[in-house]
Amino acid sequence: MTRDEAWNLLCEYTQSENLRRHALAVEACMRYYARLFGEDEELWGVVGLLHDFDYERYPSLEEHPFRGMEILRERGAPEVIIRAVGAHANHTGIPRESLLERAIFACDEISGFVIAVALVKGRTLSAVTPESVRKRMKEKGFARGVNRDDLLQGADELGIPFDEHVEHVVRALQGIADQLGLNP
């Protein structure tokens, strides 16, 4: 599946600008990590774009990402993409066996959390540090929908210290800051 095909599928199922921006953010992080680990950047980017493509239509835990996986299978997507989309969420019960599967889990929630921190720091990613992320993680009311344990678990599954993971995510997002409505 090409990036253009993935983008078109995302846009077919996702009208929300915020959800599309989230997909772009996760794509940027996945591409960054693919380069870092010497993996297939296109494949990893496609997984980043598609991991939540069904969420707007099927937001319940019973349906997301299971419906998305069915749609991808019907459209002939490779199983490696389908499995990674399923493995991005703990509630699916799909064990994360590959580096790709661990990376999509690690990039999903942290990208949104880093963006939320940047928004309160004047829309500037360069103001986001591991310390500022850790501080906000302690605030229960801040980005309340983000499971703090998932943020830590993602870095752990990648085998990267959490602070270093935050730095990687910030660098990845700086490359597309304009598309996210942020300053690098």
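Each value in this text was obtained by applying a stated rule to the coordinates, not by laboratory testing. Keep in mind that what you see is a predicted model, and the values were worked out from it rather than measured. Backbone-built Cβ (ideal geometry, glycine too); neighbour counts: all protein chains shown.
The stretch 1-110: which trypsin sites (Lys or Arg not before Pro) are DSSP loop and have at most 12 other beta-carbon atoms within 10 angstrom?
Of the trypsin sites (Lys or Arg not before Pro), the ones in loops of the stretch 1-110 whose Cβ has at most 12 other Cβ atoms within 10 Å are Arg75.
Once fully extended, how much extra length lies between Asp163 and Ser98, figured as 0.36 nm per residue of separation less the alpha-carbon to alpha-carbon distance?
Length gained between Asp163 and Ser98: 21.2 nm.
Once every DSSP H run of n ≥ 4 in the chain is given -39500 (n - 2.57) and the sum is divided by its residues, what mean residue ellipticity at 222 nm do you get, rounded to the nearest 500 deg cm²/dmol?
Calculated at 222 nm, the ellipticity per residue is -20000 deg cm²/dmol.
Taking amide H atoms as placed 1.01 Å from N in the peptide plane, list the residues 5 or more away in sequence, or in a different chain, whose amide H sits under 5 Å from that of Asn183.
Amide H to amide H, under 5 Å and 5 or more residues apart or across chains, Asn183 pairs with Thr124, Leu125.
Net charge around Asp108, counting only other residues with Cβ within less than 10 Å of its Cβ (Lys, Arg = +1; Asp, Glu = -1)?
Neighbour charge sum, excluding Asp108 itself: -3.
Find how much the distance from Glu79 to Val120 grows on full extension, using 0.36 nm per residue of separation minus their present alpha carbon separation; answer in nm with one decimal. Display every interim value, and only then the final one.
Numbers: separation 41, 0.36 × 41 = 14.76 nm, distance 3.90 nm.
Stretched out fully, the Glu79 to Val120 stretch lengthens by 10.9 nm.
Tally Lys/Arg at +1 and Asp/Glu at -1 over every other residue whose Cβ is under 12 Å from the Cβ of Val146; what's the total?
Result for the neighbourhood of Val146: -1.
Could you identify which residue out of Ala89, Ala103, Ala77 has the top mean-square fluctuation in a GNM of the chain using Cα springs shorter than 10 Å?
Per the Cα network of the chain with a 10 Å cutoff, Ala77 tops the list.
Within the stretch 112-153, which trypsin sites (Lys or Arg not before Pro) sit in a loop by DSSP and count at most 15 neighbouring Cβ atoms inside 10 Å?
Arg123, Lys138, Lys140, Arg144
Can you list which of the GluC sites (Glu not before Pro) found in the stretch 52-87 are DSSP loop residues with at most 13 other C-beta atoms within 10 Å?
Filter output for the stretch 52-87: Glu62.
What are the semi-axes of the equivalent ellipsoid for the chain, taken as the square roots of 5 times the Cα gyration tensor eigenvalues, largest first, in whole Å?
Semi-axis lengths for the chain are 25, 17, 16 Å.
By residue number, which cysteines of the chain lack any other Cys whose Cβ falls under 4.7 Å from their Cβ?
Taking the Cβ cut-off of 4.7 Å, the unpaired cysteines of the chain are Cys11.
Starting from the Cα of Leu19, move 7 Å in the Cα-to-Cβ direction to define the label point; list residues of the stretch 79-100 whose amide nitrogen is under 19 Å from there.
Flagged as within label range: 82, 85-92.
For the chain, with a Gaussian network of springs between Cα atoms less than 10 Å apart, report the residue from Cys29, Cys11, Cys107 with the top mean-square fluctuation.
Result: Cys11 has the largest fluctuation of those listed.
Calculate the spin-label point distance for Asp156 paired with Arg35, positioning each point 7 Å from the Cα along the beta-carbon direction, and give it in nanometres.
It works out to 3.0 nm between the two label points.
Under the 0.36 nm per residue contour assumption, what length would be gained going from the current alpha-carbon distance of Leu61 and Lys135 to full extension?
Stretched fully, the Leu61-Lys135 segment lengthens by 23.7 nm.
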